[in-house]
Every structure is written in structure tokens, then in C-alpha cells.
1. Averaged across orientations, what area in nm² does the convex hull of the alpha carbons in the stretch 2-91 project?
2. Pairwise over distinct Cα atoms, reciprocal of the mean inverse distance: report the Kirkwood radius of the stretch 107-216 in Å, one decimal place.
3. Let me spell out the model: positive unit charges on the Cβ of Lys and Arg, negative unit charges on the Cβ of Asp and Glu, origin at the Cα centre of the stretch 13-148. What dipole size does that give, in debye rounded to 20?
4. Would you give the gap between the C-alpha center of the stretch 143-157 and the C-alpha center of the stretch 277-315, rounded to a whole Å?
5. Residue 69 label point, 7 Å along Cα→Cβ, cut-off 20 Å on backbone N: hits in the stretch 29-50?
6. Alpha carbons only, please: Rg and Dmax for the stretch 230-313, in angstrom.
7. Please report the net charge: other residues with Cβ closer than 14 Å to the Cβ of residue 134, K and R +1, D and E -1.
8. Roughly how tilted is helix 168-179, in degrees to the nearest 10 and between 0 and 90, from the longest Cα axis of the chain?
Amino acid sequence: MFTVTVTDTHDETDTIKVLRLVRSDGTALAPYPAGAHIDVTGPTGITRPYSLCGPPHDTGAYTIAVKREADSRGGSQALHDKAVPGTELTVGAPRQLFGLAPDPGRHQLVAAGIGITPLLAMAYELHGRGAEFTLHYMARSRAEAAFAEVLEESPFAGRVVRHFGLGREAARDALAAALTGLPADAHVYTCGPREFMAYVRELAARSLPEERIHSELFQAGEVSAEGEAFEVELDTGEVYSVPPGRSIAEVLEENGVPLETSCREGICGTCVLRVIEGDPDHRDHCLSAKEKAAGDQIAACVSRAKSARLVVELW
């Protein structure tokens with residue numbers, strides 16, 4: 001974690017605020033791949049992950065967009081109300097859980113609402129590569145679409161298809177038209193509300209295997225911590241009991257075991273541990289289906305165990 005200073009802010013929409021961040025010590029920021037995010041600790045001490053949405057080659061500053069959530073627990077609301085130019089925030093180094101595939105082929109970027117943030121950075125990178133791509137962006141109206149002007153003035157504006165003001169059925173028809181009959185070498189990337197992404201994945205799966213469909217979730221929704229008690233054993237030999245209603249992360253922290261966490265909702269991947277033995281009960285949204293099937297990782301903040309004991313390694 002390191003300290004950054006807010007140098008500029010502006011309102012993209014009535015609910016979305018853009019912040020530009022530079023290192024407080026004046027040194028250069030680390031480069032990052034498109035789709036990466038940073039963990040931001042706001043004025044109230046709450047940490048949340050935010051996608052980096054500027055051009056990935058711009059390491060002079062990091063740009064994030066924050067949507068004020070109606071049911072905010074203090075994270076987004078504090079950044080909206082208290083993060084002004086000159087405010088210092090603590091952030092983590094960029095981490096990528098949602099990146100572009102390196103292989104050539106057609107790339108379909110499909111965003112809704114605030115979900116445009118990681119896909120905007122991807123569009124910049126794909127344009128720089130000279131890759132074939134289309135960015136489909138859905139919003140209730142242009143006024144509620146973040147970065148509408150940026151997209152219209154971007155060097156890849158001709159690859160952006162805007163779907164603004166569509167009703168539910170018209171929006172579903174537009175998605176079906178965009179995602180039907182995809183070529184075998186295509187990749188689909190989507191970010192937005194849960195139901196929206198589920199429909200995008202459903203459509204894309206008619207043409208593509210799962211490993212070519214990529215998504216990022218911003219809000220996990222309700223995650224149950226209920227289940228049978230089990231033991232977690234560290235590779236250093238310590239064994240702790242994880243009771244119903246408590247997470248692995250909480251138990252380890254209560255026993256003085258250092259464990260880095262961020263979202264506490266199973267979406268950012270900060271607390272993922274390697275599983276040496278045992279059968280994880282995955283309840284996260286950060287590991288892919290392939291990673292879950294392998295059974296050698298677990299998100300300690302939400303997931304549990306199907307076996308009586310898990311043996312894990314702290315990264």
C-alpha cells in the first residue's frame with residue numbers, strides 16, 4: 001500500500017465521480033495491464049477495489065470512477081463527499097483478475113453502466129495493439145453513461161456501439177444481435193449488473209467455450225457464511241476451528257495470522273490462499289470456474305470447506 005493524492009475530480013454523471021490520483025511522494029506509478037484494479041482506502045478507512053479506467057500507458061496518474069451507491073456503507077459515499085483535490089488516499093499496487101487474452105482474434109467488449117470502467121482501459125489497449133474489437137455500451141440514457149464524451153472523442157470511436165435509452169426487451173435484442181454467431185477465435189468481456197452479465201454469458205456460450213467468456217463483478221450481493229464447522233491448517237502447522245457464521249479470514253485474523261483482505265465479499269481476490277489438501281466450498285466471484293474446479297485455491301473471506309479440514313498456504 002502507498003499514498004496517493006487526488007489531483008482532479010469531476011462528475012461524469014449525477015452518481016459517478018472520476019478521480020485522478022498521483023503518488024504523494026512524486027515518484028512514477030507502476031504500469032498496469034488493461035482490466036487491472038487498485039484497492040482504495042477512503043477517508044472513512046473502508047477499502048474497496050476500483051478498476052483503472054485511463055489509458056494503460058499513462059502511468060503519470062491513475063484514474064478511477066466511483067459510483068455513489070444508494071446503500072453505501074461509507075466507501076463510495078465518502079469518496080464522493082470527501083475526496084477533493086489535495087486529499088490523500090491509501091491504495092494498493094494494481095492487480096489483475098480481469099485481463100485481455102493474449103491471442104489474436106475478435107474481441108467483443110460488452111458493458112452496462114459503471115461496468116464501462118475496466119472495458120474502457122481494454123479498448124485503449126486493443127486499439128494500441130491494432131486488434132479487432134467492438135465495444136458495446138448500454139446505459140439508461142447518455143446523461144447516465146460514464147465517459148460518453150471520452151468514447152465519442154476517442155481514437156477508437158468508430159468501434160463503439162452505444163445502446164442508450166433502450167427498454168428491457170430492446171436491450172436484450174441488441175445483445176442477442178451482437179453476440180450471435182461469434183467466430184470460434186472470439187473473446188467476450190463483460191462488466192455490469194449481475195443479471196446483465198449473466199445474460200451476456202448465456203448468449204456468448206452459444207458460440208464460445210467458457211474459457212473465452214470473461215467477466216468482472218463489482219458487487220457480490222448476499223453471501224452466506226453458514227455451513228458446518230471445519231478446521232483450517234496452515235502450512236506452518238497451526239490448526240484453527242472455523243465455526244458456522246465465521247469466515248476463514250476472520251478466524252485467522254483473530255488468532256494473529258497476517259492476511260491481506262480488501263472487499264470482504266469474494267470479488268477482489270486479495271485474500272485468495274493456495275489449498276494444499278481438502279475440498280473447498282467456493283462461494284466467491286473472483287475465481288474462474290476452471291480455478292474452482294481445480295480446487296487448489298480458496299477465497300478466505302467468504303468460502304468454506306466441504307471436507308473436515310483444509311490445509312492452506314499463505315502466499
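1. 5.3
2. Radius from the Kirkwood sum: 13.9 Å.
3. Using only the charged Cβ atoms, the result is roughly 160 debye.
4. So the two Cα centres are separated by 39 Å.
5. Taking a point 7 Å out along Cα→Cβ of residue 69, the residues of the stretch 29-50 whose backbone N falls under 20 Å are 36-50.
6. Computed over the Cα atoms of the stretch 230-313, radius of gyration and Dmax are 11.3, 32 Å.
7. Once all neighbours under 14 Å are counted, the net charge is +2.
8. Its long axis makes an angle of about 90 degrees.
Computed from the coordinates by the stated procedures, all read-outs in this text should not be read as laboratory data. Model, not experiment: these values are computed from the prediction. Backbone-built Cβ (ideal geometry, glycine too); neighbour counts: all protein chains shown.
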